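Below you'll find the structure, written out as structure tokens, and then a few comments.
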Amino acid sequence: MNSTESFRKALNQAHRVTVLTGAGVSAESGIPTFRGPGGLWRKYSAPDLANPAAWARNPGLVWEFYNYRRRTMIDKQPNPGHKALAELEARMIAAGRVFTLLTQNIDDLHLTAGSKNVVRLHGSIWQVRCTRCGLVTDNRDIPITPAFADRDGADPSLDDPRYATKDLPTCYQSNCSGVLRPNVVWFTEPLEWTNMEKALSAIRCDLFLVVGTSAVVYPAAGFVPGAKDSGAKVAEINLEPTPMSDICDWQFHGPAGEWLPKILG
Ligand code: OAD
């Protein structure tokens, strides 16, 4: 039996399947990953842009980065990898089995593809949260406010844009004028506790798939050994090996948009 056949046998026998995805699953849709060739963190500095200290220092620069990322994501569509995961979920639910998709991605592509039981570990780029009252609202505005209309990505090494508070988006509640931030999880911030609970429950499964993540950002990376320790078989789909490859029962090296339809369909 080759590895694809043995994987498919395990998939057919699994009652509970959990999948962890990262930026690689959306790469074939045209959304850049963070690390590796062409990765966002090569051009932009994470400490300057995706943490609470950066926000405290210069919220306009942080918004400029997210405004740019929104612009790069708005027209992107799910690829065959997203669709294969949604189809697997539909088949499993129809058969009375349990499927959970844990994603680190802040794009909407799993949902657009039809996935239902999705835990968005790092939030959504299409939501904003009031820094004063905490209200979370859907928001697809591009630019996020008119002040960001002519800005093309935040590169702190090139300039140091200063925005007035009036340039930043503000809360929609009439009695609150708090500044809105992207409803995403930044470095040093904890995951939402309900998401953490769902993830910790979901890693107790029969089969765990790790797709398109460099598996270096915690706590998500820790879900891989967590699943293994709880008795799950683990399969990795990635262009290249990761720090988790050694504990995987199967490794499928290549694009997720090609491997997922092949091994899940
Ligand atoms: P990374 O950019 O760190 O890793 C992307 C992974 O996808 C790499 O291991 C690539 O080899 C792989 N990859 C690229 N294209 C692929 C393809 N077509 N098919 C399969 N694999 C492919 O992205 P993440 O692991 O998602 O967090 O990064 C985790 C977190 O770090 C992100 O959620 C973000 C980032 O900093 C925050 O911003 C808090």
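We did not get these values from a lab; they are worked out from the coordinates using the rules stated. Not measured: the values here are computed from a predicted model. Here the Cβ is made from the backbone with ideal geometry for all residues, glycine too, and neighbour counts use every protein chain on show.
Observations
- Cα→Cβ-extended label distance, 7 Å offset, between THR165 and ARG204, nm: 4.8 nm
- Largest GNM mean-square fluctuation across ARG35, ARG181, ARG69, computed for the chain with C-alpha springs under 10 Å, falls on ARG35.
- Sites GLU258 and SER45, calculated FRET efficiency, Cβ-Cβ separation with R0 45 Å, nearest 0.05: 0.85
- By the count of neighbouring beta-carbon atoms within 10 Å, fewest first, LEU85, LEU200, LEU264, LEU180 end up ordered LEU200, LEU264, LEU180, LEU85.
- Under the simplified labelling scheme, the LYS116-VAL216 pair shows an inter-label distance of 3.8 nm, with each label point 7 Å from Cα along Cα→Cβ.
- Over segment 59-151, the fraction of Cα-Cα pairs per 10 Å bin, rounded to whole percents and listed from the shortest bin up, is 15, 40, 28, 14, 4, 0.
- Cut-off 16 Å, label 7 Å out along Cα→Cβ of ILE93, residues of segment 2-37 by amide N: 16-19
- Checking the Cα-Cα distances for LYS116/LYS166; LYS198/LYS233; LYS166/LYS198 against a 30 Å cut-off, the pairs over it are LYS116/LYS166; LYS166/LYS198.
- Comparing THR145, THR165, THR103 in a Gaussian network model of the chain, where Cα atoms under 10 Å apart are tied by springs, the biggest mean-square fluctuation is seen for THR165.
- Cβ-Cβ distance of SER3 and ARG140, R₀ of 30 Å, FRET efficiency by 1/(1 + (r/R0)^6): the value works out to about 0.15.
- Cα gyration tensor, the chain - rounded (a/c under 1.5), prolate or oblate: prolate
- Taken along the Cα-to-beta-carbon direction at a fixed 7 Å, the label points for GLN77 and GLU240 span 3.0 nm.
- For MET244, MET196, order by how many other beta-carbon atoms lie within 10 Å, fewest first: MET196, MET244
- Residue exposure sequence - THR131, THR33 - by fewest surrounding Cβ within 10 Å: THR131, THR33
- Considering only the chain, percent of DSSP beta bridges that pair antiparallel, nearest 5: 30 percent
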